[in-house]
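Notes follow once the structure below has been shown.
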Amino acid sequence: MEQDPSPTAPGPRPADASTIEAISDVVSVHVNQSHWWNNASFALPLLVAIVSIVIGLLFSSDEALGFGLFAVGVTVVLLPMVFVTWRRTATAVVLTREAAVALHQGRELLSMRWDEVAEIEAADYDSIRWRIRPRKRDHLNIETELHDMEGLVEHAFALSNLARSESERR
């Protein structure tokens, strides 16, 4: 397996690590460096709630305290959506000589053989920068939170034997 030479390269989560050990012919592992609580839909209202409540209590401001409690309500309402979307987020992407495998805490989300890949396309949607598209089935999103995202894309082009167009060379 190719190792990132930098000492700051993150290791996979324990559940991902045990699954990765069972995979043969690993070329590279790309760990998602974010966590469910990094989701802006959760973090921003929570931060607003904390700040507003503290200001409300410090300055005896009913308006700030009320807004803080409203932000707590927003955070609670959004929490199930954050959990649902997080469960479909790859915590690691493993590239092997035969396939790309997306894992979520040890559970396989998607596996795509290189001979099934029809296209690797640049994307610019939220944190998604690339998509690996098979001829049929779901595609694999490559997000900015994946460690060494550019290395992942380079390996994907090489392993799939797809040519990279000039517009995709960034």
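The values are calculated or read from the model by the stated rules, or taken from the named source; none is laboratory data. These figures come from a predicted structure and were not determined experimentally. All Cβ positions, glycine included, derive from the backbone under ideal geometry; neighbour counts span all protein chains shown.
Quick notes on this one:
- Every residue from the range 77-90 that is surrounded by 13 or more Cβ atoms within 10 Å (Cβ to Cβ) and either at pLDDT 90 or above or more than 18 Å from I128 (Cα to Cα) (or both): L78, L79, A90
- Output for the range 97-106, where each listed residue is touching a residue at least 60 places away in the same chain (Cβ under 8 Å) and outside any loop (DSSP other than H, G, I, E, B): V101, L103
- Number of the condition not met by I142 [criteria: (1) out of contact with any Phe, Trp or Tyr (no Cβ under 9 Å at 6 or more places or on another chain); (2) within 24 Å of F83 (Cα to Cα)]: (1)
Residue-wise test of (1) under 18 Å from the mean Cα position of the chain (by Cα); (2) among the aromatic types (F, W, Y); (3) more than 25 Å from A43 (Cα to Cα); (4) not in a strand (DSSP E or B).
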site: T75; (1), (2), (3), (4): no, no, no, yes
site: T85; (1), (2), (3), (4): yes, no, no, yes
site: L95; (1), (2), (3), (4): yes, no, yes, no
site: A118; (1), (2), (3), (4): no, no, yes, no
site: R129; (1), (2), (3), (4): yes, no, no, no
site: I132; (1), (2), (3), (4): yes, no, yes, no
site: R137; (1), (2), (3), (4): no, no, yes, yes
site: L152; (1), (2), (3), (4): yes, no, yes, yes
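- Only one of the numbered conditions (1) of a type in the set (V, I, T); (2) surrounded by 16 or more Cβ atoms within 10 Å (Cβ to Cβ); (3) under 30 Å from I53 (Cβ atoms) is not met by V93, and that is (3).
- Taking the numbered list (1) farther than 23 Å from L47 by Cα; (2) touching a helix residue (DSSP H, G or I) at 6+ places or on another chain (Cβ under 9 Å) in turn, L110 passes all entries but (2).
- In the range 11-27, of all residues being surrounded by fewer than 16 Cβ atoms within 10 Å (Cβ to Cβ) and assigned to a loop (DSSP other than H, G, I, E, B), the one that is modelled with the lowest pLDDT corresponds to G11.
- Output for the range 139-149, where each listed residue is within 21 Å of A40 (Cα to Cα) and without any contact (Cβ under 8 Å) to a residue 12 or more places away in the chain: none
- Failed item in (1) within 30 Å of G11 (Cβ to Cβ); (2) at pLDDT 90 or above; (3) in the same structural domain as R164 (by TED's automatic domain parsing), with D126 passing the rest: (2)
Residues are listed down the side, and each one gets a yes or a no for (1) modelled with pLDDT of 85 or more; (2) of a type in the set (S, T, Y); (3) assigned to a helix (DSSP H, G or I):
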{"site": "V29", "(1), (2), (3)": "yes, no, no"}
{"site": "L44", "(1), (2), (3)": "yes, no, yes"}
{"site": "V51", "(1), (2), (3)": "yes, no, yes"}
{"site": "V54", "(1), (2), (3)": "yes, no, yes"}
{"site": "S60", "(1), (2), (3)": "yes, yes, no"}
{"site": "E63", "(1), (2), (3)": "yes, no, yes"}
